[in-house]
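Here's the structure we're looking at; comments come further down.
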Amino acid sequence: MEDTKKGTGEPAALKIGQIGLEVNVPAGTRIVSQGEAPEFFYVIRTGRLRVFRETEDRIRTELTELGPDNYFGEVALVTGQPRTASVEAAVDSKLVKVSKEEFDRLLDQNPQLARHIIQQLAGWLVAGDRRLETEVVHQVKLRQISWFDYVLMIGISIVLALVFNIYNDNRIPLIQGWGLPSVPEITVGKAVQLYRENKAVFVDARKSAFYDQEHIKGSMNLPEILFDIMYPMFHFTLEQTPGVKDKTLVVYGGTISRRMDVDLARRFISKGLKNVVVMNDYWAWPQVFPIVKRPPKAAPTMPLGWAGILEWIPVSIFLLILIPPIRRSPYLSVFGRVFLGAIFIAFALSKIMRPAVFALNVVDYGMMPAWGVNLWALILPWAELVCGLFLILGIRTRAAATLIGAMNIIFIAGLVHAILNHMPINCGCVGEVGEPVNWVKVMKNVAMVLMCVQIFLYDRFFVLDRGGFILRDRKI
Amino acid sequence: MKKEFLKTAAFLGVIIVGLVLAGCGESRTPFAGTYKSVETYAGKGNIALDLKEDGRGTWSLGGKTVEFTWLINEGKVFIYTKTGGILVVTPSQGGKMLSADMTGEWHPGCPPNSCVTFMRVTEGG
């Protein structure tokens, strides 16, 4: 705004009252435009004018307002540079328009005005330096990201998760089976021998969808997750089957989480059943036993309602990123923040109240070791909630976007693993049951990762912590 | 200081509102009551299903009772066991009949080999 100074001298005293052309300017009229060649110097008689700059993306920054006896346009005339700001009338105004020739003659004849303009210029340069420094500090702090951001968000999530679990009626142990007596194991070779000699009953502990897809020929299915409800029927069937009384009960169907098989064996023992064992190599049975196998069948899809529709929105990012001005738009970042924040809060709230349900979803993916299942099921929903809130409230948005992006990458890895292994499981993302695992879901998650990248790179509007709450000093 | 306080207050407010809203589901009243399985199981008689209005419930067979919690979602009864299992129960005939999908998953139509059908005995709970 080098050509828009708030003049403090009176035009009459500076002898500019006798020159120039008086013009009336209706409200909304643009008097000078940023970038155009300077032709006139203006003095305001009456009214109010707005000075602003505008970027190529049409982001407008209001710089100042000018009133009666203020003047503008002198610097561009002195330097011969294009206008660096635009001026428009906020209300109906009356101006004196002075041509370059008249202005030059005026300066030659009026040293008082010349000195005044020099003082204005010098003052503006100093103010400009300060403004530049403030803006640089502001931008650096805004772009700054530190480990503290991540520690803060993860720390809050862990504390909230652990405290909430204490008071939750549906609380789960931090580590499943921790401190409980171990379950007897047998080797796969020994199990095969028992199978061949018909000295064992094999019980598949997995969900029925897994059992239907592939199981040891002749085995029974008792899904561990429905043990309480289904055990009476299972026990009755066992009692009615001749010759099983003295047989060994071999429980199988574990994953790396060792959740189903070990837990079911432990429950059998608690019910007083004898000779209960699990196979030590939980992954080996499909290779060494006669198998009943059916073609993979995807889990049925239950309509998700509004959440299902909402999930399609991020897919639009694939189109938006093709348009550079939109790709770089901070308004897209704000939209992305609100959208991702809302959807992750919705994700979180569907899991927080019943961590046991989500823990079983984690087990289904077969990627998490036993010690991590419950911790993950407890902490992840709170991390989703905290990051979602941080995104919406504009606190630590770059770090929040990084964490949400990281979560999405983990989800994508899980989904791809499940798809490639034809697992008959639910996604466990928004709904608790009936939510499919497919490539469309993967695409939606990839879109959300792209949204996180866009936020990380271009977010700068509507953030609450601009310049504040920075623990680490940084030299500018 | 004031700004920090407002931020913290907004943060906690959103969490509380969210959790309250998450706790509010569809009304349980239309499906609260006691039910009896149409068939007998495990040689021990009928399964008794009691759905209380406060969201608690019991599943009883042969003197053994299992407690659970339940809610209504999209017109279906979701039964949550302590261990994290979910039974999706589809009401029919205005709630007089319930079909429990015993696979622990949801299927369009209760799978014939894994379905327990209940008939309402009394309303309310």
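Read-outs throughout are calculated quantities, based only on the coordinates presented, and are distinct from any laboratory measurement. Remember, predicted model here, so these are calculated numbers, not experimental data. So basically every Cβ, Gly included, is an ideal-geometry build from the backbone, and we count neighbours across all protein chains shown.
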Practice prompt. Put one equal scatterer on each alpha carbon of the protein assembly as shown, apply the Debye formula with no solvent term, and list log10 I(q)/I(0) at q = 0.11 1/Å to two decimals.
Written response: -1.06
Practice prompt. Within 10 Å of each Cβ in peptide A:353-361, how many partner chain Cβ atoms are there on average? Round it to a whole number, please.
Written response: 4
Worksheet item: Among A:Val51, A:Asn445, A:Trp376, whose Cα sits farthest toward the positive end of the charge dipole of the protein assembly as shown (+1 at Cβ of Lys/Arg, -1 at Cβ of Asp/Glu, about the Cα centre)?
Response: A:Trp376
Worksheet entry | Fully extended contour minus Cα-Cα distance, from A:Ile323 to A:Lys274, at 0.36 nm per residue | 10.8 nm
Fill in: 10 Å Cβ neighbours from other chains, averaged over peptide B:44-51
1
Worksheet item: Taking only C-alpha pairs under 8 Å that are 6+ residues apart, what is the relative contact order of chain A in percent?
Response: 15 percent
Worksheet item: How much length, in nm to one decimal, is gained on full extension between A:Ser99 and A:Ala37, taken as 0.36 nm per residue of separation minus their Cα-Cα distance?
Response: 21.1 nm
Worksheet item: Between region B:44-88 and region A:327-394, what is the C-alpha centre distance in whole Å?
Response: 28 Å
Item to complete: Evaluate peptide B:96-108: per residue, the Cβ atoms of other protein chains within 10 Å of its Cβ; return the mean as an integer.
Response: 5
Item to complete: List, in the order given, every pair from A:Lys207/A:Lys351; A:Lys247/B:Lys44; B:Lys44/B:Lys96; A:Lys297/B:Lys52; A:Lys247/B:Lys64 whose Cα-Cα distance in the structure shown is over 30 Å.
Response: A:Lys297/B:Lys52
Practice prompt. May I ask you to order A:378-389, A:89-100 by the average number of other C-beta atoms within 10 Å around their residues, highest value first?
Written response: A:378-389, A:89-100
Practice prompt. State, as an integer percentage, the relative contact order of region A:201-356 based on alpha-carbon contacts under 8 Å between residues 6 or more apart.
Written response: 23 percent
Practice prompt. Quick one: work out the % antiparallel among DSSP beta bridges in chain A, nearest 5.
Written response: 70 percent
Fill in: Extreme residue, positive dipole direction of region A:94-171, given options A:Val163, A:His116, A:Leu95 (C-beta unit charges)
A:Leu95
Discussion item. Placing unit charges on C-beta atoms (Lys and Arg positive, Asp and Glu negative, everything else neutral), compute the dipole magnitude of the protein assembly as shown about its Cα centre in debye, rounded to 20.
Written reply: 1120 debye
Item to complete: Note the full-extension length gain between B:Asp54 and B:Tyr41 as 0.36 nm times their separation in residues minus their Cα-Cα distance, in nm to one decimal.
Response: 1.9 nm
Response to the item:
Burial-style ranking of A:23-31, A:342-350, A:393-401, average other-beta-carbon count within 10 Å with highest first, yields A:393-401, A:342-350, A:23-31
Worksheet item: How far apart, in nm, are two points set 7 Å out from the Cα along the Cα-to-Cβ line at A:Ala284 and at B:Lys82?
Response: 3.5 nm
Response to the item:
With no solvent term and unit scatterers on the alpha-carbon positions of region A:86-192, Debye gives log₁₀ I(q)/I(0) at q = 0.11 Å⁻¹ of -0.78
Response to the item:
Taking A:Cys452, A:Cys429 and counting other beta carbon atoms within 10 angstrom, the fewest-first order is A:Cys429, A:Cys452
Discussion item. Skipping prolines and chain starts, which residues have an amide H placed within reach, meaning under 5 Å, of the one on A:Asn221, given they are 5 or more residues away or on another chain?
Written reply: A:Asp204
Practice prompt. Determine, for A:Tyr458, A:Tyr211, the number of other Cβ atoms within 10 Å of each Cβ, and report the residues in order from fewest to most.
Written response: A:Tyr458, A:Tyr211
Worksheet item: To the nearest 0.05, how large is the calculated FRET efficiency for A:Asp246 and A:His417 if R₀ is 41 Å and r is the Cβ-Cβ distance?
Response: 0.50
Response to the item:
Most exposed to least, judged by fewest other Cβ atoms within 10 Å, A:Thr55, A:Thr64, B:Thr83 sort to A:Thr55, A:Thr64, B:Thr83
Discussion item. Can you find, among B:Ser37, A:Val357, B:Val88, the residue sitting farthest towards the positive end of the charge dipole of the protein assembly as shown, where Lys and Arg contribute +1 and Asp and Glu -1 at Cβ?
Written reply: B:Ser37
